[in-house]
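The values are calculated or read from the model by the stated rules, or taken from the named source; none is laboratory data. None of these values were measured; they are calculated from a predicted model. Ideal geometry is used to build each Cβ from the backbone, glycine not excepted, and the neighbour counts take in all protein chains shown.
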Amino acid sequence: MSKLALFGGAPIRQKPFARWPVFDDTERRAVLDVLESGVWGGYSPTVSQFEQAFAARHGARFGVSAANGTVTLEAALLAAGIQPGDEVIVPPITFIATATAVLRVGAVPVFVDIESAAYNMEPRRVSEAITPATRAIIPVHFGGHAADMDAILEIARQHNLVVIEDAAHAHGASWKNRPVGSLGDLGSFSFQQSKNMTAGEGGILITNDEDLAAKARAVTNQGRRQGGAWYEHPTLGTNYRLTGWQAAVLLAQLARLPEQMKIRSHNAALLSNALARTGILVPPAMDSRVTAHGLYLYMLRLNTSALPGISAEHFVKALTAEGIPGASMYPHPIYVNKVFESFPHKRLACPEAERFCRECFWVSHEILLAEENDLPDFVRAVEKIGDSVSALASIG
């Protein structure tokens, strides 16, 4: 039995996997074009070009870009008319911005549990959380796997609720051949450094509702209205504008996305088949209604019967030491964060979310862009850890 690298043994892999972000002369030329245009800020024509292209790729009529995916969530809530004291249903397994955006507009996040297979918001728990104060639902397409939009949209229809899709993980993903982000009232995407499309930072809202698009743009552009005078500010807004530099990079990233999605999908299938045979990890599930998976996170669950006494935290430490990068996990559901001690919020029982944090972890999408002959190293690292359960369990 080989000694785990965590305890001083030789790691399985010492060379890097695929780099991230991916870029080439396409991005270089695009940025140079903006430089030479002399119009660098949010009014660069490259910004509107990107907004239109991204919205069209995701099945929407309108795109409103912004500085990042956190402020696009805030802008969506404001555009949808969410008021202080309104309740907004969110999942507890997501990045904290999904819930803090609700707090930032003065509303109350209501945490409901996830389902156990794809780790998305459980529609039955959404129904249980609705009160007379409920105004919106924010489903998160976690890891790039679309949430159950059929059920969520039906609940919203029955109760006259706004649906804001948090698609920060789900560039290019689709539900029943419809791109995510365009199924609800508004969809929010992030272009932060680690995302499947990135300009370092950035975000966009998409919608098919012209009025919502205009309201969102007013929020992000100092309360201006389209067609209005420069110093005319009929509503309250701020400056969340994306720059021409970012839009140029993102146009190049958008063109590259389809081919990258094919590579990730191919490699994920190979990896899932190999990992399933080990009996050590449970590969990611995929609802048959998900017709394209974003694969931002390649989600894995521990087979606890094969790994007695091992937590996701232990496994991630061991896997990282073996030279497999990008492994991570949430230490707890986001409602445990101290910030929520200072703001009103509500929480239903979330046993699946608690279990998720004990048993699940992910590797980030750049591993899925690796050469096919690099993938066996991942599997060998997992098998090595499986052969050293007693040693790993000893770290407590």
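Per-structure values
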| item | result |
| --- | --- |
| Of all residues in segment 331-351 being closer than 17 Å to PHE95 by Cα and among the charged types (D, E, K, R), the one that is surrounded by the most Cβ atoms within 10 Å (Cβ to Cβ) | ARG347 |
| Residue tally, condition surrounded by 20 or more Cβ atoms within 10 Å (Cβ to Cβ), farther than 18 Å from LEU73 by Cβ and of a type in the set (Val, Ile, Thr), over segment 220-251 | 2 |
| Residue selected from segment 3-21 under the condition surrounded by 14 or more Cβ atoms within 10 Å (Cβ to Cβ) and of a type outside the set (A, V, I, L, M, F, W, C), by the criterion farthest from MET197 (Cα to Cα) | GLY9 |
| From ALA30, ALA10, residue being farther than 21 Å from LYS215 by Cα, without any contact (Cβ under 8 Å) to a residue 24 or more places away in the chain and either assigned by TED's automatic domain parsing to the domain that holds THR131 or over 23 Å from the mean Cα position of the chain (by Cα) (or both) | ALA10 |
| Condition check for LEU153: in contact with a helix residue (DSSP H, G or I) (Cβ under 8 Å, 6 or more places away or on another chain) and crowded, with 16+ Cβ neighbours inside 10 Å | no |
| Filtered residue count, segment 56-71, keeping only those that are charged (D, E, K, R) and either crowded, with 20+ Cβ neighbours inside 10 Å or closer than 14 Å to ALA167 by Cβ (or both) | 1 |
| Cβ-Cβ under 6 Å pairs, at least 6 apart or on other chains, segment 234-251 side more than 22 Å from GLN49 (Cα to Cα), far side assigned to a helix (DSSP H, G or I) and at pLDDT 95 or above | THR235/ALA218; GLY237/ALA218; GLY237/VAL219 |
| Qualifying residue in segment 364-375 (condition: crowded, with 19+ Cβ neighbours inside 10 Å, of a type in the set (Val, Ile, Thr), within 18 Å of ILE93 (Cα to Cα) and touching a Pro at 6+ places or on another chain (Cβ under 8 Å)) | no |
| Test: residue in segment 112-124 that is farther than 29 Å from LEU295 by Cβ, among the β-branched types (Val, Ile, Thr) and either at pLDDT 95 or above or assigned by TED's automatic domain parsing to the domain that holds ALA79 (or both) | no |
| Of the criteria (1) touching a helix residue (DSSP H, G or I) at 6+ places or on another chain (Cβ under 9 Å); (2) small (Gly, Ala, Ser); (3) within 30 Å of VAL126 (Cβ to Cβ); (4) crowded, with 18+ Cβ neighbours inside 10 Å, which one SER328 fails | (4) |
| Count of residues meeting criterion [in contact (Cβ under 8 Å) with a residue 60 or more places away in the chain and closer than 25 Å to TRP362 by Cβ] in segment 138-164 | 9 |
| Only one of ILE96, ILE82 that is outside the structural domain of GLY294 (by TED's automatic domain parsing) and under 30 Å from PRO283 (Cα atoms) | ILE96 |
| Those strands (runs of 3 or more DSSP E) lying entirely in segment 147-232 with at least 2 residues modelled with pLDDT of 95 or more and under 12 Å from the mean Cα position of the chain (by Cα) | 162-166, 186-190 |
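Condition check ((1) closer than 16 Å to ILE204 by Cβ; (2) aliphatic (A, V, I, L, M); (3) buried (at least 22 other Cβ atoms within 10 Å of the Cβ)) across all residues:
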{"site": "PHE23", "(1), (2), (3)": "no, no, no"}
{"site": "THR26", "(1), (2), (3)": "no, no, no"}
{"site": "GLY42", "(1), (2), (3)": "yes, no, no"}
{"site": "GLN52", "(1), (2), (3)": "yes, no, no"}
{"site": "LEU73", "(1), (2), (3)": "yes, yes, yes"}
{"site": "ILE96", "(1), (2), (3)": "no, yes, no"}
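Every residue, every condition in (1) more than 26 Å from ASN196 (Cβ to Cβ); (2) without any contact (Cβ under 8 Å) to a residue 24 or more places away in the chain; (3) touching a Phe, Trp or Tyr at 6+ places or on another chain (Cβ under 9 Å), yes or no:
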residue: PRO308; (1), (2), (3): yes, no, no
residue: SER311; (1), (2), (3): yes, no, no
residue: TYR330; (1), (2), (3): no, no, yes
residue: GLU341; (1), (2), (3): yes, yes, no
